[in-house]
Amino acid sequence: MGDFNAHNPLWGSKTHNAKGKIIEDFVSQEGLCIFNDGSYTYLHPGNGSYSSIDITICDPSLLLDYSWRVHDDLCGSDHFPIRVPRWKLDKADWSLFENLCRTELQSKMFETVQDPILTFNTVLTSIADRTIPKTSANPKHPSKPWFDDACDQAIGDRKKSERRFQSTTNDGKLE
């Protein structure tokens, strides 16, 4: 995961550049996967344009274990934070998980589907979503002693300005 300053439609950019081609070739040659879903990850402070220059690359074995999304607030940066919720395995309802697996993952069910592995993964992920909580995609930070009403107002003003900016540009829509 990182700020590669690379442009390629493969991860949401509108154009290609040399770095984008190098990364595309590397990902292809190594059989890797890209988490990016086409969302913008960067707001250029000089001209107000949006682009997707931050890339998250992974081994295919990890792709179904995690989700990826861009936070909708810049949080004072020019890069949108990437939030990756994680499973809270210690808070799982394992008996419900086991019961749902027994009822919903029946071997005969997979004999009639076109892609049994995809179906299995989809059903299992659905069961996990219902029985294992995840961490928040928007973690709460502990309060700081210096954070006061003026700081809260400044953040509100910044967010209001960002929303106003987004509504006045064609490129300003986060997807």
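Just checking, does the stretch 79-88 include any residue being more than 15 Å from LEU124 (Cβ to Cβ) and over 12 Å from the mean Cα position of the chain (by Cα)? Yes, the conditions are met somewhere in the stretch 79-88. Here the condition is being at pLDDT below 90 and not aromatic (Phe, Trp, Tyr); of LEU96, LEU32, LEU105, LEU100, it holds for LEU105 alone. Scanning the stretch 4-42 for residues that are among the hydrophobic types (A, V, I, L, M, F, W, C) and either touching a residue at least 60 places away in the same chain (Cβ under 8 Å) or in a loop (DSSP other than H, G, I, E, B) (or both) turns up PHE4, ALA6, LEU32, PHE35. Residues in the stretch 47-100 that are assigned to a loop (DSSP other than H, G, I, E, B) and of a type in the set (D, E, K, R): ASP59, ASP72, ASP73, ASP78, ARG86, LYS88, ASP93. Against the list (1) at pLDDT 85 or above; (2) surrounded by fewer than 12 Cβ atoms within 10 Å (Cβ to Cβ); (3) touching a helix residue (DSSP H, G or I) at 6+ places or on another chain (Cβ under 9 Å); (4) under 30 Å from ASP3 (Cβ atoms), the condition ILE23 fails is (2).
Considering only the stretch 56-79, I want to know if a residue exists there that is modelled with pLDDT of 85 or more and either crowded, with 19+ Cβ neighbours inside 10 Å or touching a Pro at 6+ places or on another chain (Cβ under 7 Å) (or both). Even if it seems obvious, please write down each step before you answer.
Step one: of the stretch 56-79, the residues modelled with pLDDT of 85 or more are 56-61.
Then drop every residue that is not either crowded, with 19+ Cβ neighbours inside 10 Å or touching a Pro at 6+ places or on another chain (Cβ under 7 Å) (or both), which leaves none.
Within the stretch 56-79 (the criterion being modelled with pLDDT of 85 or more and either crowded, with 19+ Cβ neighbours inside 10 Å or touching a Pro at 6+ places or on another chain (Cβ under 7 Å) (or both)), the answer is no, since none of the residues qualifies.
The values are calculated or read from the model by the stated rules, or taken from the named source; none is laboratory data. All of these numbers come straight from a predicted model, not from anything done at the bench. Neighbour counts run over all protein chains shown; Cβ positions are idealised from the backbone, glycine included.
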